[in-house]
1. Residues in the stretch 261-284 that are more than 19 Å from ILE315 (Cβ to Cβ) and not in a loop (DSSP other than H, G, I, E, B): how many?
2. Within the stretch 147-161, is even one residue in contact with a Leu (Cβ under 6 Å, 6 or more places away or on another chain), aliphatic (A, V, I, L, M), at pLDDT below 95 and under 25 Å from ASN200 (Cβ atoms)?
3. Does the stretch 301-321 hold any residues that are assigned to a strand (DSSP E or B) and free of Cβ contacts under 8 Å to residues at least 40 places away in the same chain, and which are they?
4. Just need a number here: residues in the stretch 79-108 that are among the basic types (Lys, Arg), at pLDDT below 95 and in contact with a strand residue (DSSP E or B) (Cβ under 9 Å, 6 or more places away or on another chain).
5. Can you name the residue in the stretch 123-145 that is surrounded by fewer than 20 Cβ atoms within 10 Å (Cβ to Cβ) and of a type in the set (Gly, Ala, Ser) and, of all such residues, is modelled with the lowest pLDDT?
6. Among the residues of the stretch 250-276, write down those that are among the aliphatic types (A, V, I, L, M) and in contact with a Phe, Trp or Tyr (Cβ under 6 Å, 6 or more places away or on another chain).
7. Given (1) within 22 Å of ARG40 (Cα to Cα); (2) without any contact (Cβ under 8 Å) to a residue 24 or more places away in the chain; (3) of a type outside the set (Gly, Ala, Ser); (4) crowded, with 16+ Cβ neighbours inside 10 Å, identify the lone condition not met by GLU297.
Amino acid sequence: MNIRTSSSLQPRPVVAPVPQKLTDLEFEPRDLQMSPAGDRVIFSAGTDQPLRRELFSLSMTDGAVTQLTNREVNLSWHPSISPDGQKIAYVVEKQGRSDLQVMNIDGSGNVNLSDNNKGFWSPAWSPDGKNIITTSRDTERGNLELVQFAADGTSKAQVSKVGVSTDTPQFSPDGQNIVFALAPGFGPQVLASMSADGSNLKTYSRTVMLVDEPVVTEDNKILFSGSTRDGHYRLYEVAIGSDEEPKLLVDGDRAISPRLSPDGSKIAYVDKGGNGRAQIFEANRDGTEPRQISPDEGYSVSPVYTPDGKKLVYISSREGDREIYSQNIRN
């Protein structure tokens with residue numbers, strides 16, 4: 001195996017201030033999404049027994065939590081905020097069947113983009129806000145492929161025709177490419193990309209398997225959590241269209257959920273902390289100087305940056321129940 005390396009430094013101790021608790025929720029939060037303006041966080045919350053999940057908005061100014069959906073379904077989840085911060089695309093699911101919907105950021109003006117219960121997951125907006133890419137079985141052969149909708153519901157088109165399952169699509173910032181997970185047969189997921197029109201399918205390393213949702217940077221590189229045969233999860237980087245092996249950025253233990261800071265200089269991610277449980281970390285863009293951000297109390301996951309890059313908002317069980325916290329990370 002030939003993996004190019006950048007950093008294998010051990011994370012430094014926590015140096016960030018104490019986290020601030022933002023919520024006192026009845027149900028456990030998931031799916032954190034920061035608005036482009038930084039004025040609110042959209043998330044899902046609910047219960048597993050009975051299965052129910054709705055979308056909520058957390059104000060970053062006064063801490064108010066507002067319920068956005070009250071659908072007669074099992075799940076309203078997978079929220080994705082439009083680039084202008086005015087719309088939310090999300091998935092509604094009932095008894096294992098799901099559809100794609102869009103609403104205003106305040107929960108009003110809900111529009112069904114699909115109404116056939118064919119199965120939809122992981123919506124993501126195009127950079128210009130005109131289209132939404134998702135994975136769906138609403139395809140020619142019923143395979144889980146990439147399907148693109150006009151955000152106003154006027155059109156729909158199947159983008160991929162690869163014949164195997166796809167997941168977690170993301171547009172590149174220039175809108176020219178789509179990066180996604182490809183799952184051949186029943187094997188592990190492989191990192192893949194294609195042009196926005198469905199041409200130029202490209203798969204990447206066969207020795208580093210994709211663990212979770214990839215991130216595409218402004219310079220058309222892909223940040224992702226990958227695993228090898230040793231069972232560890234590490235953070236890697238590869239340029240879109242490259243034939244080279246991914247470059248190792250963070251030599252972690254269970255490093256997942258990479259998020260790029262607004263100025264592109266840092267990476268926030270989740271890894272095993274000093275207490276042996278998931279915690280929030282941050283490293284330089286090249287993987288150097290990793291440091292643990294969240295304290296060793298409970299576990300912490302799902303980091304998102306505020307637009308100024310000075311805070312991380314994340315989910316933590318540091319006081320028992322899972323709640324949303326904010327933490328200053330800059331002096």
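1. Counting residues in the stretch 261-284 that are more than 19 Å from ILE315 (Cβ to Cβ) and not in a loop (DSSP other than H, G, I, E, B) gives 3.
2. Checked the stretch 147-161: at least one residue is in contact with a Leu (Cβ under 6 Å, 6 or more places away or on another chain), aliphatic (A, V, I, L, M), at pLDDT below 95 and under 25 Å from ASN200 (Cβ atoms).
3. Correct list: LYS311 only.
4. Of all residues in the stretch 79-108, those among the basic types (Lys, Arg) come to 87, 94, 97.
Next, only the ones that are at pLDDT below 95 stay: 94, 97.
Applying the additional criterion that residues be in contact with a strand residue (DSSP E or B) (Cβ under 9 Å, 6 or more places away or on another chain) yields 94.
Within the stretch 79-108, residues that are among the basic types (Lys, Arg), at pLDDT below 95 and in contact with a strand residue (DSSP E or B) (Cβ under 9 Å, 6 or more places away or on another chain) number 1.
5. Only one residue tops the list, namely GLY142.
6. Taking the stretch 250-276 as the starting set, the residues that turn out to be among the aliphatic types (A, V, I, L, M) are 250, 255-256, 260, 267-268, 270.
Of everything in the stretch 250-276, those that are among the aliphatic types (A, V, I, L, M) and in contact with a Phe, Trp or Tyr (Cβ under 6 Å, 6 or more places away or on another chain) turn out to be ALA255, ILE256.
7. For GLU297, the exception is condition (1).
Yes/no matrix, rows are residues, columns are (1) within 20 Å of GLU245 (Cβ to Cβ); (2) of a type in the set (Gly, Ala, Ser):
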{"residue": "ASP138", "(1), (2)": "no, no"}
{"residue": "ALA150", "(1), (2)": "no, yes"}
{"residue": "THR154", "(1), (2)": "no, no"}
{"residue": "SER160", "(1), (2)": "no, yes"}
{"residue": "VAL164", "(1), (2)": "no, no"}
{"residue": "GLN176", "(1), (2)": "no, no"}
{"residue": "ALA196", "(1), (2)": "no, yes"}
{"residue": "SER199", "(1), (2)": "no, yes"}
{"residue": "TYR204", "(1), (2)": "yes, no"}
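The values are calculated or read from the model by the stated rules, or taken from the named source; none is laboratory data. For clarity, every value in this text was computed on a predicted model and none was experimentally measured. Positions of Cβ are generated from backbone atoms using ideal geometry, with glycine treated the same way; all protein chains shown enter the neighbour counts.
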